[in-house]
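Read the structure below first, then the notes.
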Amino acid sequence: SPLVAFGSPGQGRNTLANQREVFEHLKQQFQDARSSQKVIDSEVDACVDPPTDDGSAVQSLEDEVRRLRREGATLKTRLMSAQEEALERAAEVDRLLGRVSTLQAELEDAQLSRRGELSDLRRQIQENVGTLRQQ
């Protein structure tokens, strides 16, 4: 989701909401990956030993089981890698969310300070104009 520009008035909450949405999306992807792995594990575990009446059929099924176990191991490795990456991204999103919040607060402070300075300058100008008119 695109982020709102820092200086947009009244958009601070929208920016945080968008960032939270990105974080929740990453979290959901992580949960989906974990669920997929559980399904794969249960399918591999559901394999049963075939009857031993035909040696070639048994050998073929054993080969298939070994292939599926290798594939399962490969998928588990990929899943772990994806989970690690998702956690890293979630941590990065969280860090950036904190940084954006800090920057928004600093921006608001700077804007308030500038408004105060501008108000003071206007008041001084009005006093100077009043003084000049009296002379």
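No value in this document is a laboratory result; all are computed from the given coordinates. What you see is a predicted model; the values in this text were computed from it and never measured. Note that we place each Cβ from the backbone using ideal geometry, even for glycine, and neighbour counts take in every protein chain shown.
A simple spin-label model places pseudo-atoms 7 Å from Cα toward Cβ; at residue 123 and residue 29 they are separated by 5.3 nm. Extension gain, residue 114-residue 76: 0.36 nm per intervening residue step, less the Cα-Cα distance, totals 8.1 nm.
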